[in-house]
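Beneath this line is the structure, given in structure tokens, with notes to follow.
The values are calculated or read from the model by the stated rules, or taken from the named source; none is laboratory data. Every value quoted in this text rests on a predicted model; they were computed, and no experiment measured them. Here the Cβ positions follow ideal geometry from the backbone for every residue, glycine too, while neighbour counts run over all protein chains shown. Note: areas computed on protein heavy atoms with side chains; ligands, DNA, RNA excluded. Shrake-Rupley method; radii C 1.70, N 1.55, O 1.52, S 1.80 Å.
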Amino acid sequence: MSIRISLDNPPEFYTNLDFISGRVILVLNRPETIGNVIVKLEGESRTALTLPGPGGDRDELFRPRPGGPGGVGSVVTENHKVLYRVFQVYPDDGAALPFQAGQHEFKFSFKVPLNNICHDPKAMSALLGVVGGGAGYRTMDGTKQLMLQHVRATLPPSLTGFPQEAEIRYYIKVTIQRPGFFKENWRYQVGFKFLPVEPPRPAKTSQEAFARRPFTFQARPPPQHQSFRRTLFGGQSSSSSPDPSQSPPPPSVEMSARLPFPSILTCNEPLPLRLIARRLAPTAAPSSPDLRVYVTALEIALVGYTQVRVQSLVHTERTAWVVVSAPSLNPPVALFDGPNPDADEFEVPSTAWRDRRLPNTVAPSFRACNLARRYEIEIILTLSLGLPSSSSPFSGKQLPPQSITLPLKLSKVDVYSGINPPQELLNAPMHSSGPSGSGASTSARPPNPPPRPSQQSQQQQPPQPQRPPQQHDPLYPPQLGPQGVPLDDAPPPSYDEAMADRLAGPAARPAYSGVTAENAPSTMPPEKS
């Protein structure tokens, strides 16, 4: 016996509104009786942290946990089913049938939704663990999700890299039930990568977010004034004395890093970064290279902060991706060098970072029930007063250059996936209103009421036959809405959910690695039952 799942034209990763279709291929070596064949589309957001010691040492939250069952007692876990859909591919009537030896195929198809499902208490309470009674099949127990804290958000991306602490994975699982005692059900699963669509981008503005830091070099000693005098034996000796009138003022400059506001980066795209130098004190253009300010080194890093939460325990992990690392720019960039050297502002050329894209392992910013990811940009600039190669430490004629290192940090930076949602979905908030929609109504005035029929038209209409009243159990009367209209048990879907059911996934997708091995075994500790 062997089971495998074959997906139809699988892409590098799936996204929202995608159709995931495929076949369950079952190869039997001998005749078997098969009951239900259940295929599930699941997504899990799992976290685990260690409880602090009796003394309240919260540092134990972040210490490595021992492997195996020995450390389970000191570890608390939290598992959120962000995605859960079930599809019974066989049989239609619920009757178990014998299958002959050979290969058998069962087709399935799912559509990936927009938002997570664990936030919906009605959907979770409907999953009681068993569907269809004794001849049915098992599902997850949704009542366990009701005891957790949830948020409604877009499905988070696949995430690993924090062994025994946090991961987000997506699976397609199949269960083949074999009726009878002492017969174990057959199970198989395959993982896949997931990258969500990006939220609607705000309109472009001329505003910029910035981080700036001023600096001033030390004053250079004034040039030496040579004077000659005769010695006792008729020779000449020279002596030098400083000339304070010719001492140039030290450069005073402010460096700033700027991003368009709101600060949004895109996966696998270059940084829209600008570095600006501004004079703080008016100075003339220096005539000597030793009096110029140069950018000699540059480092740009994208720093991600992953917030891991388990119940009331919270821990933040820091991860850095180096986008640009130039410890020695060759040639160094001279500030205020160009057609207008007396200008107050100078933009550093972006040749060092304009072609550097974000690594394809960077996940977009997200917020899930027990995990969240945010980003910052850290920049380290090294500036030098004078070229490093213009003077030798063994030469007494020229002074060595001065160097200073400036750190700049841009916080509150969002990273988008670069997958544009369908235009119909972007227009959905403009038409939706109320708590079910994600936006306000386009019109502030209510719609005009329909015209009332006149008395003459009412007299011409034939009388409508009266419907017999429906009989209800007096112990369980129906719930009535406005004007005595019975309410439906299932609430109507919101506008964006209704639109998502009619739309297909986007076609253009960037390169994304994310989870390097989506079918690798999980590193998370076992959950306590």
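Side notes on the structure shown:
- Estimated vicinal HN-Hα couplings, Hz - region 42-52 in sequence order (Karplus 6.51, -1.76, 1.60; Gly, Pro = x): 10, x, 10, 10, 10, 9, 8, 9, 8, 5, x
- Net length gained if the chain between Arg138 and Ser325 were fully extended (0.36 nm per residue, minus Cα distance): 62.0 nm
- For the set Lys81/Lys111; Lys111/Lys204; Lys144/Lys173; Lys81/Lys204, the pairs lying more than 27 angstrom apart at their alpha carbons are Lys111/Lys204; Lys81/Lys204.
- For the pair Gln218 and Ile404 in one chain, pulling the backbone fully straight at 0.36 nm per residue adds 65.9 nm over the alpha carbon distance.
- Sites Ile25 and Glu527 - FRET efficiency at Förster radius 41 Å, r taken between beta-carbons, to 0.05: 0.85
- Placing R0 at 25 angstrom, the Cβ-Cβ distance between Glu345 and Ser411 gives a FRET efficiency of 0.60 after rounding to 0.05.
- Separation of the Asn185 and Glu254 label points, Cα + 7 Å toward Cβ, nm: 6.6 nm
- The distance between label points at Phe210 and Arg356 comes to 2.2 nm (points 7 Å beyond Cα on the Cα→Cβ vector).
- Placing Tyr305, Tyr14, Tyr188 in order of accessible area, with the largest value first and a 1.4 Å probe, yields Tyr188, Tyr305, Tyr14.
- Taking every C-alpha pair closer than 8 Å and separated by at least 6 residues, the mean separation divided by the residue count of region 103-217 gives a relative contact order of 17 percent.
- GluC sites (Glu not before Pro) restricted to region 158-192 and DSSP loop, no more than 15 other C-beta within 10 Å: Glu184
- Spin-label pair Ile3/Arg152, simplified geometry with 7 Å Cα→Cβ offset, distance in nm: 3.5 nm
- Solvent-accessible area of Met1 with every protein chain in place, 1.4 Å probe, in Å² to the nearest 10: 90 Å²
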